[in-house]
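Only one structure is covered here, and it is reproduced in the block below.
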Amino acid sequence: MNILLKSVKIIDKNNESLHLKTRDIHIKNGIIVKIAAKIEPEGKTQVVKHKNLHGSIGWFDSSVSFGEPGYEERETIENGLQVAAQSGFTDVILNPTTHPCPDSSSDIVYLKNAAANQLTNLYPLGTLTMKADGNDLAELYDMKNSGAVGFYDYKLPMTNANLLKIALQYVQNFDGLVYSFPMDTKIAGKGIVNEGEVSTKLGLKGIPTLAEDLQVARDLFILEYTGGKLHIPTISTATSVKLISDAKKKGLNVSCSVAVHNLIYTDAVLEQFDSAYKVLPPLRTKADTKALIKGLKDGTIDFITSDHTPMNIEEKRVEFDNASFGTTGLETIFGSLNQLLGIETTIDLLSKGRERYGVKSPILKEGEPACLTLFNPDETYVFDEKHIESTSKNSMFIGAKLIGKVYSIINNGQHITNE
């Protein structure tokens with residue numbers, strides 16, 4: 001690899017000497033060898049030029065689901081990582097949504113091997129309990145040693161409070177990260193959308209915000225008692241933001257994330273009974289989205305995710321009550337977030353979060369490995385099914401106006417371009 005990137009406007013708030021500066025970047029054998037105002041190509045050098053070329057350190061997504069093993073028809077690991085790369089992501093955290101679910105060290109080794117030598121790095125989560133059934137803790141220590149970066153029964157609440165307490169105490173021996181999905185199943189019942197005016201009008205069973213708020217409060221009380229590291233994924237309510245903010249002020253070791261669609265859409269879109277908008281946690285109200293955006297900006301919410309969840313077409317094109325939860329999101333998170341928050345905040349949010357999982361954050365500096373995302377922040381287009389590279393097409397963003405195009409990423413000594 002011998003690449004010269006010409007006239008790159010760098011977006012990197014943590015690098016004051018380069019932030020918002022336009023520079024040429026020379027990369028050789030996967031290493032950044034020179035950053036300067038002007039660099040002339042020498043010998044056999046691939047010169048990369050693009051309209052309105054911007055660049056940042058490679059992007060990170062803390063919640064993606066594929067299908068392999070068990071649900072390869074939804075998304076294989078290889079194709080999923082290609083989609084991630086084309087969407088600008090150099091690092092992704094893989095949810096334990098396969099069959100069988102990864103609850104042992106051998107399962108983690110399989111996932112790591114399946115993702116070897118790809119442009120985008122994959123970091124797997126193991127389940128918190130055996131078979132993700134909430135009864136007995138899985139092989140947490142062994143999975144950690146095999147490469148698991150956290151433990152999560154995906155979208156399944158930990159109903160046994162004592163087991164969560166034991167897990168938080170146990171993982172302190174090896175600095176493990178415990179997930180707890182924020183939903184009280186007794187309160188949520190058979191709800192499928194946000195409980196409120198829209199659910200009442202449509203005759204759909206609702207999930208009250210109380211179901212999330214109670215679970216978050218319970219988990220934070222347990223964390224305060226036990227210590228340890230807790231992550232609360234994809235929060236969706238204003239009260240959750242307040243509870244987590246207060247917990248951080250107390251010094252509790254808690255982090256949280258939000259799915260991009262919970263910032264963009266509210267439950268008002270459900271009036272067409274389109275199952276593409278059926279997600280978990282559900283789309284909430286405008287007041288909740290405003291609180292979530294404020295939480296992102298003030299640092300209460302640690303990072304944003306696509307919560308990319310491929311689903312077979314027959315799981316979505318059915319009656320709303322019977323449809324599965326989930327939407328794809330890797331291909332649309334940049335364009336939708338950029339339109340909502342602007343380029344500097346967007347890139348800052350897409351670039352951070354690795355340290356929580358023990359993954360080193362890349363540095364845009366001479367002598368460092370090249371881990372870059374290249375993009376045009378101003379290109380506007382309407383997202384259509386033809387833009388979807390995922391095997392599954394269940395995107396709630398079809399028909400949405402997006403701003404921003406990813407040109408390519410450079411990582412692991414490789415370069416992929418969307419041109």
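The values are calculated or read from the model by the stated rules, or taken from the named source; none is laboratory data. Only a predicted model underlies this, so the values are computations on that prediction, with no experimental measurement involved. We place every Cβ from the backbone using ideal geometry, glycine too, and count neighbours over all the protein chains shown. Ligands, DNA and RNA are excluded from the accessible area calculation, which covers all protein heavy atoms including side chains. Shrake-Rupley method; radii C 1.70, N 1.55, O 1.52, S 1.80 Å.
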Inset, instruction - Output the antiparallel fraction of DSSP beta bridges having both residues in the chain, as a percent to the nearest 5. - result: 50
Inset, instruction - Can you list which of the trypsin sites (Lys or Arg not before Pro) found in the stretch 1-100 are DSSP loop residues with at most 13 other C-beta atoms within 10 Å? - result: Lys38, Lys44, Lys49, Lys51
Inset, instruction - Assign one of three labels to the chain, namely rounded, prolate or oblate, based on the Cα gyration tensor with a ≥ b ≥ c the square roots of its eigenvalues; rounded applies when a/c is under 1.5, prolate when it is not and a/b is larger than b/c, and oblate otherwise. - result: prolate
Inset, instruction - Scan around Gly134 for amide H atoms under 5 Å from its own, H built in the peptide plane at 1.01 Å from N, and keep only partners 5 or more places away or cross-chain. - result: Thr129
Inset, instruction - Any aspartates and glutamates with Cα under 15 Å of the Lys131 Cα? List them, leaving off those in the same chain fewer than 8 positions away. - result: Asp103, Asp107, Glu139, Asp153
Inset, instruction - Just check the stretch 17-119 against the gyration tensor rule for me: Cα atoms, a ≥ b ≥ c as the square roots of the eigenvalues, rounded for a/c under 1.5, and otherwise prolate or oblate depending on whether a/b exceeds b/c. - result: prolate
Inset, instruction - Report, to the nearest 10°, how far helix 286-298 tilts away from the longest principal axis of the Cα atoms in the chain, using its own Cα long axis and a range of 0 to 90°. - result: 50
Legend entry - Separation between Cα centres of the stretch 231-257 and the stretch 31-78, rounded to whole Å: 32
Inset, instruction - Would you mind telling me which residue in Gly191, Gly58, Gly399 has the biggest mean-square fluctuation in a Gaussian network model of the chain, where springs connect alpha carbons within a distance under 10 angstrom? - result: Gly399
Legend entry - Note, ³J(HN,Hα) from phi for the stretch 130-143, Karplus 6.51, -1.76, 1.60, rounded to Hz, x at Gly and Pro: 4, 6, 6, 9, x, 9, 10, 4, 6, 7, 5, 5, 5, 5
Inset, instruction - Kindly express, to the nearest 10 degrees and within the range 0 to 90, the angle between helix 105-114's C-alpha long axis and the longest C-alpha principal axis of the chain. - result: 40
Inset, instruction - Have a look at Pro282, Pro102, Pro41 and tell me which one the Gaussian network model of the chain (Cα, springs below 10 Å) gives the largest fluctuation. - result: Pro41
Legend entry - Cα-Cα over 26 Å, subset of Lys13/Lys248; Lys186/Lys250; Lys21/Lys229; Lys155/Lys294; Lys201/Lys286: Lys186/Lys250; Lys21/Lys229
Legend entry - Magnitude of the charge dipole, the stretch 174-265, Cβ model with Lys/Arg +1 and Asp/Glu -1, debye to 20: 40
Inset, instruction - May I ask you to evaluate 6.51 cos²θ - 1.76 cosθ + 1.60, the Karplus curve with θ = phi - 60°, for each residue of the stretch 369-383 and list the ³J(HN,Hα) values in order in whole Hz, giving x for glycine and proline? - result: x, 6, 9, 10, 10, 10, 7, 10, x, 10, 6, 10, 7, 9, 5
Inset, instruction - Would you list, by chain and number, the aspartates and glutamates whose Cα falls below 18 Å from the Cα of Lys38, excluding same-chain residues fewer than 8 positions away? - result: Asp24, Glu366
Inset, instruction - Averaging sequence separations of C-alpha pairs under 8 Å and six or more residues apart, then dividing by the length of the chain, give the relative contact order as a whole percent. - result: 19
Inset, instruction - Taking the Cα centre of the chain as origin, sum charge times position over the Cβ atoms of Lys and Arg (+1) and Asp and Glu (-1), and report the length of that vector in debye to the nearest 20. - result: 1180
Legend entry - Cα shape, the stretch 89-199, gyration tensor, a/c 1.5 rule: oblate
Legend entry - Whole-number accessible area per residue in Å² for the chain, which is evaluated in the context of all protein chains at 1.4 Å: 41
Inset, instruction - Please report, as a whole percent, how much of the solvent-accessible surface of the chain comes from carbon and sulfur atoms (probe radius 1.4 Å). - result: 48
Legend entry - Computed label-point distance, nm, for sites Asp142 and Ala287 using a 7 Å Cα→Cβ extension: 4.9
Legend entry - Qualifying chymotrypsin sites (Phe, Trp or Tyr not before Pro) for the stretch 102-186 [loop in DSSP, other Cβ within 10 Å: at most 12]: Phe174
Legend entry - chymotrypsin sites (Phe, Trp or Tyr not before Pro) restricted to the stretch 242-280 and DSSP loop, no more than 13 other C-beta within 10 Å: Phe273
Inset, instruction - Quickly estimate the mean residue ellipticity at 222 nm for the chain, helices only: each DSSP H run with n ≥ 4 gives -39500 (n - 2.57), and the total goes over all residues, rounded to 500. - result: -7500 deg cm²/dmol
